[in-house]
Amino acid sequence: QVQLVESGGGLVQAGGSLLLSCKASVFTLDSYAIAWFRQIPGKDREAVSCIMARDGTTWYSNSVKGRFTISSDNAKHTVALQMNSLKPEDTAIYYCAAERIPPQLADNYWSTAQVYGSWGQGTQVTVSS
């Protein structure tokens, strides 16, 4: 398992920005898919975005496409999620997750929470209207 530590959450007004960071305790990110999920109490965990660290392939949910950007810094073992034009409906606990997903399966499975074996503790994002 990989240990993941998120940071960067907080309170922001609608239209504002936040940068989330996920640091992984691995020798290299190259073989991993790193994803961000979010969860509102009482609801299922929702996939937000994912990056294949080896080649930089990215995926986004329709609800954040064009507003959020995921990136990886393999030298620092860190994946970032830049969140712009935030909306009140983006309010949730954001989790970082990691798994060795074969590239040929990533298209179909990147957004499935059950695929990921390593999770961070989560960071709260609150967007006020």
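Please treat every number below as a calculation from the coordinates, not as lab data. Bear in mind that the values here come from a model prediction, so they are computed numbers and not experimental data. Note that we place each Cβ from the backbone using ideal geometry, even for glycine, and neighbour counts take in every protein chain shown.
Tally Lys and Arg at +1 and Asp and Glu at -1 over the other residues with C-beta under 14 Å from the C-beta of Ala113: what net charge comes out? Provide the component values of the computation, followed by the final result.
Working: positive: Arg38, Lys43, Arg45; negative: Asp44, Glu46, Glu99.
Around Ala113, the surrounding residues sum to 0.
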- Most mobile of Ser21, Ser63, Ser72 per a Gaussian network model of the chain (Cα springs, under 10 Å)? Ser63
- Message: Of all beta bridges DSSP finds with both residues in the chain, what is the antiparallel percent, to the nearest 5?
- Response: 90 percent
- Task: Name the residue, out of Ala97, Ala106, Ala24, whose mean-square fluctuation peaks in a Gaussian network model built on the chain with Cα pairs under 10 Å.
- Result: Ala106
- Message: Test of understanding: express the Cα radius of gyration of the chain as a ratio to 2.2 N^0.38 Å, with N the residue count.
- Response: 0.97
- According to the Cβ-distance criterion of 4.7 Å, cysteines of the chain with no possible disulfide partner are Cys50
- Task: Give me the net charge of Trp59's neighbourhood, meaning all other residues with Cβ under 14 Å from the Cβ of Trp59; Lys, Arg count +1, Asp, Glu -1.
- Result: -3
- Query: Hey, which aspartates and glutamates would be in cross-link range of Lys23, C-alpha to C-alpha under 13 Å, not counting anything within fewer than 8 residues on its own chain?
  - Reply: Glu6, Asp73
- Can you list residues whose amide H is under 5 Å from Ile101's amide H, if they're 5+ apart or on another chain and H is modeled 1.01 Å from N? Ala33
- Query: What ³J(HN,Hα) values, in whole Hz, does the Karplus curve 6.51 cos²θ - 1.76 cosθ + 1.60 give for the range 89-94 when θ = phi - 60°, with x put for Gly and Pro?
  - Reply: 6, 7, 4, 4, 8, 9
- the range 63-129: trypsin sites (Lys or Arg not before Pro) falling in loop per DSSP and having at most 16 other Cβ within 10 Å: Lys65, Arg67, Arg100
- Query: Between Ala113 and Asn62, what length comes free when the chain is fully extended (0.36 nm per residue of separation minus the Cα-Cα distance, one decimal in nm)?
  - Reply: 16.7 nm
- Per-residue ellipticity at 222 nm attributable to helices in the chain (runs of n ≥ 4 DSSP H, -39500 (n - 2.57) apiece, nearest 500 deg cm²/dmol) works out to -1500 deg cm²/dmol
